[in-house]
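The structure under discussion appears below in the form of structure tokens.
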Amino acid sequence: MPELDLQRAMDTARAAVEAASAASLAHFRRGVRVERKPDRSPVTAADRESEAAVLAVVRAAFPDHGFLGEETGEHAGAGETRWIVDPLDGTKGFTRGRGFWGPLVACEHRGEIVAGAMALPALGEAYWAARGQGCWLRAGDAAPARLRVSGLAAWEDATLSLGEPHVLFRPPMLERVAALAISAQAARCYGDLAGCALVLKGEAEAWIEAGVNLWDLAPLKILVEEAGGRFTDLDGTPTVASGSCVASNGRVHDHVLRALAGR
């Protein structure tokens, strides 16, 4: 099999989140109807149209690749590459008119995420990365800027970004997460992909998330690593498949892992 063109994969991921952003913005704050999936999670026309937009972009660039979407499931491919997509991460916030939501698109090649992108459409931000290509941000009409995580190493000077409190604030995690938040200089709870964006932009030193699916995390590892950071699950394994993560600037990562393990 030919090697994957990483530049093309990164460009495709970026184009896919831009297409999904346009599709979802067409419904934002316009009274979109909310339905319930079998697991009681919300879904809207914006989710479905955004996934269709991503699939169209991917199919145009790589017609033989596989595809795993939150809304449409698995589409078999002919090779060793598939795309993993959450077309609208943060649907609950989207339906209530908040700004911390957007698409997540990852390219997985031979079992490893090698390129990915995400966007915060209501904020006018798009992020993309590929192995060895760096992590980039386009904010509004500004030229793309390469991102680097912060250089802070002392936890007492750090900002902690938290994911879903409904999951993280349950025993035994509750006391450990609370201790981390209290001992940091500041804690923020922006929610969904916006929580990770703080680390990418150097505005927080660590982000913790748990109780999520593969498509909620798939592109975030490559984004964080290409920005110079570190990404693992709560046990310290470098994977996006565990349903949890610690994303950090690398310097505070071991401290966070020890605290979450109760050590």
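The values are calculated or read from the model by the stated rules, or taken from the named source; none is laboratory data. Please read all numbers here as calculations on a predicted model, not as lab measurements. Using ideal geometry, Cβ is built from the backbone for each residue, glycine included, and neighbour counts are taken over all protein chains shown. Just the protein is used for accessible areas: all its heavy atoms, side chains included, with ligands, DNA and RNA removed. Shrake-Rupley method; radii C 1.70, N 1.55, O 1.52, S 1.80 Å.
What part of the accessible area of region 6-146, given as a whole %, is carbon or sulfur when the probe is 1.4 angstrom?
Carbon-and-sulfur percentage of accessible area, whole number: 50.
Tell me, in nm to one decimal, what length is gained between residue 203 and residue 56 on full extension, where the rule is 0.36 nm per residue of separation less the Cα-Cα distance?
49.5 nm
For residue 88, list long-range residues whose amide hydrogen, built 1.01 Å from N in the peptide plane, is under 5 Å from its own amide hydrogen.
The answer is 104.
Before rounding to the nearest 500, sum -39500 (n - 2.57) across all DSSP H runs of length at least 4 in the chain and divide by the residue total; then give [θ] at 222 nm in deg cm²/dmol.
-9500 deg cm²/dmol
Would you please classify the overall shape of region 17-77 from the alpha carbon gyration tensor, given that a ≥ b ≥ c denote the square roots of the eigenvalues, rounded means a/c under 1.5, and beyond that prolate means a/b larger than b/c while oblate covers the rest?
Cα axes put region 17-77 in the oblate bin.
Anyone know which of 166, 27, 253 comes out most mobile in the 10 Å Cα GNM of the chain?
Checking each option, the largest mean-square fluctuation is seen for 166.
Tell me the label-point distance for the pair residue 123, residue 241, using the 7 Å Cα-to-Cβ offset, in nm and rounded to one decimal.
Going from the residue 123 label point to the residue 241 one covers 3.0 nm.
So if each residue of separation counts as 0.36 nm, and I subtract the Cα-Cα distance between residue 182 and residue 146, what length gain in nm does that give?
Length difference between fully extended and current span is 9.8 nm.
Summing Lys, Arg as +1 and Asp, Glu as -1, what charge do residues with Cβ under 11 Å from the Cβ of residue 154 carry, residue 154 excluded?
Surrounding charge for residue 154 is -2.
Which of the three applies to region 6-146, rounded, prolate or oblate, going by the alpha-carbon gyration tensor with a ≥ b ≥ c and a/c under 1.5 meaning rounded?
Since a/c reaches 1.5 but b/c is at least a/b, the shape of region 6-146 is classed as oblate.
Whose amide H sits under 5 Å from the amide H of residue 187, counting only residues 5 or more places off or on another chain, with H placed in the peptide plane?
Distant-sequence amide H within range of residue 187: 160.
Suppose the chain between residue 30 and residue 7 were pulled fully straight at 0.36 nm per residue; how much longer would it get relative to their current alpha carbon spacing?
Value of the extension gain: 4.7 nm.
Using θ = phi - 60° and the Karplus curve 6.51 cos²θ - 1.76 cosθ + 1.60, what whole-Hz ³J(HN,Hα) does each residue of region 239-254 get, with Gly and Pro shown as x?
Calculated HN-Hα couplings, in order: 9, 9, 9, 8, x, 8, 7, 10, 10, 8, 7, x, 6, 9, 4, 5 Hz.
PRE reach from residue 39 (point 7 Å along Cα→Cβ): which of region 83-99 fall under 17 Å by backbone N?
Hits in region 83-99 for residue 39 at 17 Å: 84-93.
Set the Förster distance to 45 Å, then compute FRET efficiency between residue 258 and residue 22 from the Cβ-Cβ distance, nearest 0.05.
Result of the calculation: an efficiency of 0.55.
What lysines could a cross-link reach from residue 201, if we take a straight Cα to Cα line under 28 Å and drop same-chain neighbours fewer than 8 places away?
92, 221
Counting heavy atoms of the protein chains only and a 1.4 Å probe, report the per residue accessible area for the chain as a whole number of Å².
Per residue, the chain has an accessible area of 43 Å².
Among 88, 120, 180, which one moves the most in a GNM of the chain with springs linking Cα atoms closer than 10 Å?
Residue with maximal mean-square fluctuation among 88, 120, 180: 180.
How would you classify the chain from its alpha-carbon gyration tensor, with a ≥ b ≥ c the square roots of the eigenvalues: rounded for a/c under 1.5, else prolate if a/b is greater than b/c, otherwise oblate?
Taking the square roots of the gyration eigenvalues as a ≥ b ≥ c, the chain is prolate.
What do you get for the angle between helix 45-61 and the principal long axis of the chain? Use alpha-carbon atoms, 0 to 90 degrees, nearest ten.
So the helix axis and the longest Cα principal axis differ by about 70 degrees.
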